Structure formats: structure tokens, C-alpha cells
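Visitor: I have a structure I would like to understand better, so I am pasting it below and will then ask my questions one at a time.
The values are calculated or read from the model by the stated rules, or taken from the named source; none is laboratory data. Predicted, not measured: the structure shown is a model, and the values here were computed from it. Using ideal geometry, Cβ is built from the backbone for each residue, glycine included, and neighbour counts are taken over all protein chains shown. Heads up: the accessible areas ignore ligands, DNA and RNA and are worked out on the full protein's heavy atoms, side chains in. Shrake-Rupley method; radii C 1.70, N 1.55, O 1.52, S 1.80 Å.
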Amino acid sequence: MATKTSELLSEAAPRAVAVARAIRDDQLDLPTPCADYSVRDLMNHLYQVVVNFQELAAKRPANWDKTDYLTDGWQDRFAAETERLIEAWADPAALEGVSPGMGLPPETVGEMGLIDLTVHAWDLARATGQPFDAAPDATAVLHAFMDRMGETGQRMGAFAAPVAAPPDAAPLDLALARMGRHPAWSPR
């Protein structure tokens, strides 16, 4: 069985996994578009998002304590956890009621997981010199989410103030600019 959320995650997850698999150990200390995060820090955060959003799908509390997931075999474990994330959101019960602890509709919570998976995969790809092509449906969700929740996200510190992007920029670049990321960011 599948839900719209699990279908979106199943399009985005392989792209994030491909980026993670290509990160080399000698790149873990590089800066990322998230100013306070190295590649290691951001990859640990994304790994934690993938694990915790499984819990949120099951209506269980998430544990955001700092953990270093990047031990031997972490890329294979990350790939397995993204599969579990998709499975967790494929259960129709994941989209029922209100998300405990967050007080949001579960569909919105699932979109937050999709946004992190997509945007942080872009961040990590930029930081490590990899190409990144977001799933088109995920990019559409990013824009719709920003329409609804962008100002709230900015007030809560999840997004920076929007930055300028050329009007003819790609849809992903426009969404990133709305979230305060410079689409042309480079580690140099």
C-alpha cells in the first residue's frame, strides 16, 4: 500500500541516498550551505531526520539528541533507513489525526520530512561537488509548503530570509532562494 507522502518520499529518497553514498571521508569537514554545519554535521542531521520521521509517522515521539551516525557502514544504514521511512509513511494510519508533539496535520509533517530529504541532499551535493536533480514533484511540494508555512518557518528559524534568484531560475533554485539558500552557493 502507498500514500501520496510515501510516493513523494520514494522519488526523493534514492536521490538523497546517491548523494550520501558519494560522500568521501575526506569531505566530512567541508562547509555546507547551512552556515553552522559541516558535511558531517548536516549528514548526521539528515540521518536523524530520516530515523525520527519514521517515529513521527507511527505517532511516537522523536528523539533529537545529538548522535553520530557516521560510523562504519553508515551509507548502507542510511539507505536502509530511507527505505524504512518510505514504508512508515506508506501506512494510511500515518496520515490520520494530528501529529502528537507537533500539533500539525500528519501530511504537513510528512512534507517536512520530504523537504529535509530534498533540500539537505542539495546542500550536501553542493558541499561535495556533486550534481543534484531534485524530484519534480518534491520541488512542487517545496513551493506549496513555502506558500503555506514559509513565514512561520522563518520565525521559528527553520528558514532564513529569502534571497534573490533570477526569474528564469530552475524551480528548485527558486524554492531554495525562498528558503534563504543561495542557489549558486559554492564552498569556495
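Visitor: Can you pull out the residues in the stretch 93-116 that are more than 16 Å from residue 159 (Cβ to Cβ) and part of a helix (DSSP H, G or I)?
Guide: 93, 94, 95, 106, 107, 109, 110
Visitor: Go through (1) open to solvent by less than 70 Å² (accessible area, probe 1.4 Å); (2) outside any helix (DSSP H, G or I); (3) at pLDDT below 95; (4) not aliphatic (A, V, I, L, M) and name the single condition residue 132 misses.
Guide: (3)
Visitor: A further question on this structure: Do we have any residue at all in the stretch 121-129 that's in a helix (DSSP H, G or I) and open to solvent by 20 Å² or more (accessible area, probe 1.4 Å)? Give the derivation first.
Guide: Step one: of the stretch 121-129, the residues in a helix (DSSP H, G or I) are 121-127.
With open to solvent by 20 Å² or more (accessible area, probe 1.4 Å) added as a condition, the list becomes 126.
Looking for residues that are in a helix (DSSP H, G or I) and open to solvent by 20 Å² or more (accessible area, probe 1.4 Å), one finds at least one in the stretch 121-129, hence yes.
Visitor: Another question about this same structure. Which pairs turn up if I take residues in the stretch 170-185 that are more than 16 Å from residue 127 (Cβ to Cβ) and assigned to a helix (DSSP H, G or I) and look for partners that are among the hydroxyl-bearing types (Ser, Thr, Tyr) and open to solvent by 20 Å² or more (accessible area, probe 1.4 Å) with beta carbon separation below 7 Å, at least 6 apart in sequence or on another chain?
Guide: Filtered contacts from the stretch 170-185: no entries.
Visitor: Another question, then. Scan the stretch 21-36 residue by residue and report those that are assigned to a helix (DSSP H, G or I) and open to solvent by 30 Å² or more (accessible area, probe 1.4 Å). Outline the logic, then answer.
Guide: Going residue by residue through the stretch 21-36, those that are assigned to a helix (DSSP H, G or I) are 21-22, 25-27.
Result: 21, 22, 25, 26.
Visitor: Can you tell me which residue within the stretch 164-182, out of those that are over 16 Å from the mean Cα position of the chain (by Cα) and surrounded by 15 or more Cβ atoms within 10 Å (Cβ to Cβ), is farthest from residue 37 (Cα to Cα)? It would help to see each step written out before you state the result.
Guide: Going residue by residue through the stretch 164-182, those that are over 16 Å from the mean Cα position of the chain (by Cα) are 164-171, 174, 182.
This time we only want the ones that are surrounded by 15 or more Cβ atoms within 10 Å (Cβ to Cβ), so: 165, 169, 174, 182.
Working: 165: 23, 169: 26, 174: 22, 182: 15 Å.
Taking the candidates together, the pick is 169.
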